[in-house]
Amino acid sequence: MPFPMTHEAKIIDVWMQQPNPRFLEQPFLDSLRRWTRRPELPCPTLEDTLRVMDKAGVGLGLLSAWWGPAGPMITNDEVAECVRRHPDRFAGIASVDLSRPMNGVRELRRCVRELGFRGLRIVPWLWNLPPDDRRYYPLYAECIELGIPFCLQVGHTGPLLSSEPGRPIPYLEHVALEFPELRIVAGHIGHPWTQEMISLLTKCENVFVDTSAYVPRRFPPDFRDFLRTRGGGKVMFGSNYPMLAQGDCLEGIDELGLEPEAREAYLHRTARGVFGLDRS
């Protein structure tokens, strides 16, 4: 179904989770527990999530499933149930088993054709496999056939796993060049390889980035300049909720100095095109 944005707020958050205890208890989140000084991370209800979105003026959230080597942490069907309950407020982003690529292809087809999901997300550091590993490639081909984007994380890894798979050049560059029809959404800006990410955004028409996991005051200066000058149509808003609330990620946006058209593209227009939110 298309998303005509019947809710009064137009902002689209392209990276959210609706967590469960299984996800929040993962050992790789120990660093987050340490940073926040919370031995137990809160597990919001779906109604809690909607209240946070409403407070920030977010109309639509793209909820991501999570799948790692030990299996699913947030299942595709759990995401689908959230979308079923509030189809005007959420859309689904699938995740699949990278270790069994053809099983992953079949699950991705189910998620898109039967559940109406709008993208695929695989987090490379979870698998310790950069995105140019051969196991991704059948999934890239299927994303192209299904007309959906492939989403991943770039940059350093806050969780206690290696950051190397998140380096934009050469790993993501190989994918962008070998699959020019594939829309790629790189999450989390790309720090400390921000210049590599900006170079890739400039070079490749099929590569986009979202600002999830960052508040505006923490945008690297070169990324801030790119967003304000050459980044129109290439950068999308994201939060990484519940790790960061949308309101925190929007605080200070006026200080970025965006022209009205660039602000509109950043907050919702680019996402509508990349994720096909205006088509059925």
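Tell me, in nm to one decimal, what length is gained between N206 and R228 on full extension, where the rule is 0.36 nm per residue of separation less the Cα-Cα distance?
Working: separation 22, 0.36 × 22 = 7.92 nm, distance 1.98 nm.
Separation in residues times 0.36 nm, less the Cα-Cα distance, equals 5.9 nm.
Name the shape class, rounded, prolate or oblate, that the alpha-carbon gyration tensor gives for the chain, where a ≥ b ≥ c are the square roots of its eigenvalues, rounded holds for a/c under 1.5, and otherwise prolate holds if a/b is larger than b/c and oblate otherwise.
Working: a/c = 1.14, a/b = 1.04, b/c = 1.09.
Taking the square roots of the gyration eigenvalues as a ≥ b ≥ c, the chain is rounded.
Under 5 Å between amide hydrogens, which residues at least 5 positions from M236 or on another chain qualify, with H placed 1.01 Å from N in the peptide plane?
Sorted by chain and number, the residues that satisfy this are V209, D210, T211.
Name the residue, out of P39, P180, P19, whose mean-square fluctuation peaks in a Gaussian network model built on the chain with Cα pairs under 10 Å.
Highest fluctuation among the options: P39.
Counting other Cβ atoms within 10 Å, which GluC sites (Glu not before Pro) in the range 6-56 have at most 11 and lie in a DSSP loop? Walk me through the numbers on the way to the answer.
Working: sites: E8, E25, E40, E47; in loops: E8, E25, E40.
Passing sites in the range 6-56 are E8, E40.
Between Q195, Q26, Q17, where does the largest GNM mean-square fluctuation fall for the chain, given springs only between Cα atoms within less than 10 Å?
Q26
Can you tell me the length gained on complete extension of the stretch Q195 to I144, counting 0.36 nm per residue apart and subtracting the Cα distance?
Working: separation 51, 0.36 × 51 = 18.36 nm, distance 2.73 nm.
Once the chain is fully extended between Q195 and I144, it gains 15.6 nm.
Would you please name the GluC sites (Glu not before Pro) within the range 247-277 that are DSSP coil residues with at most 16 other C-beta atoms within 10 Å of their C-beta? It would help to have the intermediate numbers written out before the result.
Numbers: sites: E251, E255, E261, E264; in loops: E251.
Loop-located and lightly packed - E251.
Distance between Cα centroids, the range 243-275 to the range 161-237: provide it in whole Å.
Centre-to-centre distance over Cα atoms comes out at 15 Å.
Springs between alpha-carbon atoms under 10 Å, Gaussian network over the chain: tell me which of D210, D77, D254 tops the mean-square fluctuations.
D254
No value in this document is a laboratory result; all are computed from the given coordinates. Computed from a predicted model, the values in this text were never measured in an experiment. Neighbour counts are summed over all protein chains in view; Cβ atoms, including those assigned to glycine, are modelled from backbone coordinates with ideal geometry.
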